[in-house]
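> First the structure, then my questions, so here it is.
The values are calculated or read from the model by the stated rules, or taken from the named source; none is laboratory data. These figures come from a predicted structure and were not determined experimentally. Don't worry about glycine lacking a Cβ; one is built from the backbone with ideal geometry, like all the others, and counts go over all protein chains shown. The area values use the complete protein model at the heavy-atom level, side chains included, leaving out ligands, DNA and RNA. Shrake-Rupley method; radii C 1.70, N 1.55, O 1.52, S 1.80 Å.
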Amino acid sequence: MRFGIKTPPQHNTFEDMLAVWKVADDSGVFESAWNFDHFYPLVGDTHGPCMEAWVTLAALARETRRLRIGCMVNGSPYRHPAVFANMAASLDIVSGGRLELGIGAGWNEEESNAYGIDLLPLKQRMDRFDEYVAVVDSLLRNEVTNFNGEYFTITDARCEPKGPQSPRPPIVIGGGGEKRTMRTAAKFADHWNLPFATPDVFSQKKAILMQHCDDLGRDATEITCSVQIALGVDESGSEAADKAAALGNAGCDKVIFTMRGKYNASQIEEVATSLEQLVP
């Protein structure tokens, strides 16, 4: 199994996050580290402090040396796909080829309404999401991109320089929507993430992903499957390891521990020690 940590940039300082990431980077147990893409906190006081995803991710990338880094996941309504692709290519360069490119359709009505960001009704949102991922994929792979869709028109568009990963950074599609999100994952994703699911739910969703892959002629083994689970403030390393093992037995490739409350780097040290028994 593989493991990651996630530090949403909410209700904590940058120094709090950096301390956790440095411990994870030094541990050798954790493969990846993640933040999230929201402007309001998702837990606690939603009017509290929450730092922006890409700025914090770039800073954390430069303060680490080994971890794969990413945002779990970026909301596609928040940035035009051409802007997003250029940001991704640049961060892949800045991180030395360690970027995992998370993309989701978006869902947070509170922050979207506050900022005047149009989420669109669900069907149209998912139609736009399909176009969004296709545009980003092409811009990061190809010298020139042309795309004429309902939501995006891209004409002789370039995204240079490309990052060091070939053919592009791995795309991570997050979400458990069975009809649309998981079909988009089957088409484009190198990594699919299911947030906060039990082993039974994960098994059910993974079977649906595999069916979409069959329908599209995609080899399902090309897609890494991961689950996020919450890591409580007082949760022990052994408790965290037991949850990870149960997901591993259900066929999960990677478990990402999403930290809650005040971030404590020593907790990550304890979790890493407990997880060592699950690493080949």
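> How many residues are open to solvent by less than 90 Å² (accessible area, probe 1.4 Å) and touching a Pro at 6+ places or on another chain (Cβ under 6 Å) when one looks only at the stretch 120-151?
Here the count works out to 3.
> Please go through the stretch 89-106 and give me each residue that is touching a Leu at 6+ places or on another chain (Cβ under 9 Å) and of a type in the set (D, E), ordered by number.
Matches in the stretch 89-106: D92 only.
> Select from the stretch 233-244 the residues that are surrounded by fewer than 18 Cβ atoms within 10 Å (Cβ to Cβ) and not hydroxyl-bearing (S, T, Y) and list them in ascending order.
Across the stretch 233-244, the qualifying residues are V233, D234, E239, D242.
> Further, regarding this structure: Which residue is surrounded by the fewest Cβ atoms within 10 Å (Cβ to Cβ), if the candidates are limited to the stretch 152-166 and must be at negative phi and not in a loop (DSSP other than H, G, I, E, B)?
Looking at residues that are at negative phi and not in a loop (DSSP other than H, G, I, E, B), I get T155.
> Taking interchain pairs and intrachain pairs at least six residues apart, which have beta carbon atoms under 9 angstrom, with the first residue in the stretch 217-232 and closer than 17 Å to M1 by Cα and open to solvent by less than 40 Å² (accessible area, probe 1.4 Å) and the second in a strand (DSSP E or B) and aromatic (F, W, Y)?
Filtered contacts from the stretch 217-232: I223/W192; T224/W192; C225/W192; S226/W192; Q228/W34; Q228/F257; I229/F257.
> Of the conditions (1) touching a Gly at 6+ places or on another chain (Cβ under 6 Å); (2) loosely packed, with under 14 Cβ neighbours inside 10 Å, G116 satisfies every one except a single condition; which number is it?
Every condition holds for G116 apart from (1).
> When both residues are 6+ apart or on different chains and their Cβ atoms are under 6 Å apart, which pairs have a first residue that lies in the stretch 32-58 and is within 27 Å of R98 (Cα to Cα), and a second that is crowded, with 19+ Cβ neighbours inside 10 Å and basic (K, R)?
Matching pairs, first to second residue: S32/R68; W34/K6.
> Collect the residues in the stretch 87-106 that are within 15 Å of the chain's Cα centre (by Cα), farther than 18 Å from M51 by Cα and open to solvent by 10 Å² or more (accessible area, probe 1.4 Å), keeping them in residue-number order.
R98, E100, A105
> Only residues that are charged (D, E, K, R) and open to solvent by 10 Å² or more (accessible area, probe 1.4 Å): list them for the stretch 20-71, please.
Once the filter is applied, which keeps residues that are charged (D, E, K, R) and open to solvent by 10 Å² or more (accessible area, probe 1.4 Å), the stretch 20-71 yields K22, D26, E31, D45, E52, R62, E63, R65, R66, R68.
> While we're here: Within the stretch 25-47, track down each residue that is more than 16 Å from R260 (Cα to Cα) and small (G, A, S).
Those that are more than 16 Å from R260 (Cα to Cα) and small (G, A, S): S27, G28, S32.
> Continuing with the same structure: Evaluate the following for L119: is it touching a Lys or Arg at 6+ places or on another chain (Cβ under 8 Å), assigned to a loop (DSSP other than H, G, I, E, B), of a type outside the set (S, T, N, Q) and free of Cβ contacts under 8 Å to residues at least 60 places away in the same chain?
Yes; evaluated as a whole, the condition is true for this residue.
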